[in-house]
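The values are calculated or read from the model by the stated rules, or taken from the named source; none is laboratory data. These numbers were taken from a predicted model, which means no experiment stands behind them. A quick note on method: Cβ atoms are made from the backbone with ideal geometry, for glycine too, and the neighbour counts reach across all protein chains shown.
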Amino acid sequence: MPVFRLVSSSPTRQSAPVPARRTALRRVSGLAAVAACGLILPLAAAAQTQGQGQVAGGKPIRILVGAPAGGTTDTLARTIAQEMSQLLEQSVVVENRPGAGGNIAAEQVARSAPDGSTLLMSFTSHTINATLYKKLPFDPVQDFTPVTLVATVPSVLVATPKLPASNVPDLIRLARAEPGKLNFAIGSVGSSLHMAGDMFKMMTGTYIVNIPYKGTAPALTDVLAGQCDLMFASTINVLPHVRAGKLKVLGVTSPAPMPQFPGAAPIGATVKGFESSAWFGLFGPAGMPAEVTQALYQAARKGLESPAVRKRLENDGAQPVGMAPEAFAAFVRQDVKRWASVVRYSGASPE
C-alpha cells in the first residue's frame, strides 16, 4: 500500500511576536494533524480499493492457456480467473490455445497490447522450451511481464507393482546392475515430468530407456498394465491407482514427504539436490505498467489466500504460492538456467 507523507513548506516571516507566532503554529500543526488523519484514512482506503481496481479500462481480461481444457494448467487458470473477476469487478475469461508445448498461447500474449487485458497462464515448459526449441518466435524472459507464481505441483515416481524395487535406493541398485533394462514411460516429450526422469538419470549415473507416448493417459495405461516399468506423474493422475494397489510409489520429487503418500521418502533424501516440481504462473506482455502488474498480482494473491481455493488446490497436490512479480521474474530467469543442462543431457527435440 502506498505511503502518503504530508510535506510542509518553510514558514514565511510574520510580523507577529514570537510567542504569538508559536501559539499560531501550534494551532496550525494541530489542525494539520487532524486534517491529515481525515485525509490519510480515506486515501489509504482508496489505495486499497485501487490495488484491486479494474485494469485495461474495465474491459474483459483474457487468460490464454497453452494446454487443453481439463488439465492442471486449465483448472488453475479457471480457479484464479473466477477469484480475480470478483476482486477486480470485471470479466476474466479463460481461452485454451494448446499446441507446441504452450508456445502458441505464449506467442499470442507476447504480441498483445501491454494493458493487462491479455494474460498467459503458463507452466514449467515455458522455461524448458527456452533450450528445447532451437528457435522460438518470442523470448521467454524478455517478451513477458511476470505477474505471479500461482502454484507448484510436486510429482511422484511410480512403478508397476511387479518391479523388484520398493524405494529409490533399490531402484538405483537395480538400474546400475542392469543398464538399459528398465524404462520410463514419457507422457510428453519436453515436459517437466520427462525432464524429471532425465534429471534423475543424470544425477544417479543410470541408464533407463525413455518410451515416449502421445500423452499422459496412454503412458499411465502401459505402466498400470506392466508394459512399462516406471513413470514420473502428477499426484492427481496416480493417487487413485496407488490407493487401489495398482501402482507403487518409489519416491516423491518434493523436498519434504507428501501426506498423500505416507511412507514415500523424497528422492532428494537419496539423490542429494534432486527436486522437481511443475510450476504454474501468470504472465503479461513485456512493458506492462507497474501499476497494472501490481493490480493483477494483488487480485491473484488475494484469490489464492481464499481458504476454499487453498483447500481445493491442496487436495489436488498443488501448493498455492502467490509470489510477487519481482521474485517471480528472478525465478523464471533461474529456471531457464536450471533446465538447460538437463535438456542438453536428454538430447530431446520437439515432436
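Report, by residue number, each residue of segment 126-154 that is crowded, with 21+ Cβ neighbours inside 10 Å, closer than 19 Å to GLY322 by Cα and not aromatic (Phe, Trp, Tyr). It would help to see each step written out before you state the result.
Residues of segment 126-154 that are crowded, with 21+ Cβ neighbours inside 10 Å, as a first pass: 126-129, 132, 140, 144-151, 153-154.
Filter again for closer than 19 Å to GLY322 by Cα, leaving 126-127, 144-151, 153-154.
Selection gives HIS126, THR127, THR145, PRO146, VAL147, THR148, LEU149, VAL150, ALA151, VAL153, PRO154.
Just so you know, in segment 60-75 the residues that are at pLDDT 90 or above and either in a loop (DSSP other than H, G, I, E, B) or of a type in the set (Gly, Ala, Ser) (or both) include one that is surrounded by the most Cβ atoms within 10 Å (Cβ to Cβ), and it is GLY66. Only a single criterion out of (1) at positive phi; (2) of a type outside the set (D, E, K, R); (3) in contact with a Phe, Trp or Tyr (Cβ under 6 Å, 6 or more places away or on another chain); (4) surrounded by 19 or more Cβ atoms within 10 Å (Cβ to Cβ) is not satisfied by GLY190, namely (3).
A quick yes/no check of all residues on (1) touching a helix residue (DSSP H, G or I) at 6+ places or on another chain (Cβ under 7 Å); (2) more than 28 Å from THR235 (Cα to Cα); (3) of a type in the set (Asp, Glu):
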{"position": "THR75", "(1), (2), (3)": "no, no, no"}
{"position": "ARG97", "(1), (2), (3)": "yes, no, no"}
{"position": "VAL109", "(1), (2), (3)": "no, yes, no"}
{"position": "MET121", "(1), (2), (3)": "yes, no, no"}
{"position": "ILE128", "(1), (2), (3)": "yes, no, no"}
{"position": "THR131", "(1), (2), (3)": "yes, no, no"}
{"position": "PRO146", "(1), (2), (3)": "yes, no, no"}
{"position": "LEU149", "(1), (2), (3)": "yes, no, no"}
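Every condition in (1) at pLDDT 95 or above; (2) closer than 19 Å to PHE328 by Cβ is met by GLY102 except one, and the failing one is (1). Of ALA196, ALA185, ALA219, all but one fail to be of a type outside the set (D, E, K, R), touching a Ser or Thr at 6+ places or on another chain (Cβ under 6 Å), surrounded by 18 or more Cβ atoms within 10 Å (Cβ to Cβ) and not assigned by TED's automatic domain parsing to the domain that holds GLY101; the exception is ALA196. The single condition among (1) in contact with a Ser or Thr (Cβ under 8 Å, 6 or more places away or on another chain); (2) surrounded by fewer than 21 Cβ atoms within 10 Å (Cβ to Cβ) that SER166 does not meet is (1).
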